[in-house]
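One structure is given here, and the rest of the page talks about it.
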Amino acid sequence: MKLRVGVVLWLLSWIPYGLILDAIFGLPRWLYICSWIFEIGLGLLGIWLAGTEFSKAVKRSGWKHAPHIAWEGLIHGKSLDQ
């Protein structure tokens, strides 16, 4: 579950919230900067969540099987702790 949440957060960090809100509402400069900080924080949080979960799979099964285990966890929702 953490892997899915982490990947979703990382993907959401690629949405240019500042540009979208600026085009709609005309943001002041400080809010535009805050939106970029939010995007970077969202991406870092997603990488942290997914990375901690993926590192457990690597420690348990080694690098050879880790991509398969991560793919199963991402697509089919299987826990990486198995």
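Nothing in this text is a laboratory measurement; each read-out follows from the coordinates by a stated rule. Remember, it's a predicted structure, so these values are computed and weren't measured experimentally. Note that we place each Cβ from the backbone using ideal geometry, even for glycine, and neighbour counts take in every protein chain shown.
May I ask you to order 24-31, 47-54 by the average number of other C-beta atoms within 10 Å around their residues, highest value first? It would help to have the intermediate numbers written out before the result.
Values: 24-31: 10.4, 47-54: 17.9.
The packing order, highest mean first, is 47-54, 24-31.
I want to check the label-to-label distance for residue 21 and residue 60. Put each point 7 Å from Cα in the C-beta direction and report it in nm to one decimal.
According to this spin-label approximation, the distance is 3.8 nm.
Working only with C-alpha atoms, what are the Rg and Dmax values of the chain, expressed in angstrom?
In Å, with Rg to one decimal and Dmax whole: 16.5, 51.
Tell me what the chain gives for mean residue ellipticity at 222 nm when only DSSP H runs of n ≥ 4 count, each as -39,500 (n - 2.57), the sum divided by the residue total, rounded to 500 deg cm²/dmol.
Helix-only estimate at 222 nm: -26000 deg cm²/dmol.
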